[in-house]
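Chemist: Have a look at this one.
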Amino acid sequence: QVQLVESGGGLVQAGDSLRLSCATSGRIVSPYHMGWFRQAPGKEREFVARISPSGGMTYYTDSVKGRFTISRDNAKNTVVLQMNSLKPEDTAVYYCAAGSYSRNDPAYYNYWGQGTQVTVSS
């Protein structure tokens, strides 16, 4: 079992930055693909970014490319999402997830955190 706990969300203005962290416990996460997803009110949960087990490969949804950076530290069992130049449309609950496959579909992720709220005001 892998437990994931997100932190770092908050209320910011457009153009600001936030750093989301995902702390993991239980099994080590180094074998897992780690992803960040978000869900806005009334919308489906959507893929934001993911990183391969070694950290060598990263993938982003088009709307965050160039603004968000995902990274991981397997020694510390942590995953970070650095979010810069935030926009009001980035407002959502952000979730950290762990899975065994390199996929954008949240259905492929077995373990999820409880989420952290990010609100970007205009």
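Chemist: Evaluate the following for Gln117: is it loosely packed, with under 14 Cβ neighbours inside 10 Å and not in a loop (DSSP other than H, G, I, E, B)?
Modeler: yes
Chemist: Tell me which residues, restricted to the stretch 68-90, are among the hydroxyl-bearing types (Ser, Thr, Tyr) and on the phi > 0 side of the Ramachandran plot.
Modeler: Within the stretch 68-90, Ser85 is the sole residue that qualifies.
Chemist: Condition check: open to solvent by 40 Å² or more (accessible area, probe 1.4 Å), of a type outside the set (Phe, Trp, Tyr) and on the phi < 0 side of the Ramachandran plot. Does Ser100 satisfy that?
Modeler: It is true that Ser100 is open to solvent by 40 Å² or more (accessible area, probe 1.4 Å), of a type outside the set (Phe, Trp, Tyr) and on the phi < 0 side of the Ramachandran plot.
The values are calculated or read from the model by the stated rules, or taken from the named source; none is laboratory data. Since the model is a prediction, treat every value here as computed from it, not as a measurement. FYI the Cβ positions are ideal-geometry reconstructions off the backbone, even for glycines, and counts take in every protein chain you see. Ligands, DNA and RNA are excluded from the accessible area calculation, which covers all protein heavy atoms including side chains. Shrake-Rupley method; radii C 1.70, N 1.55, O 1.52, S 1.80 Å.
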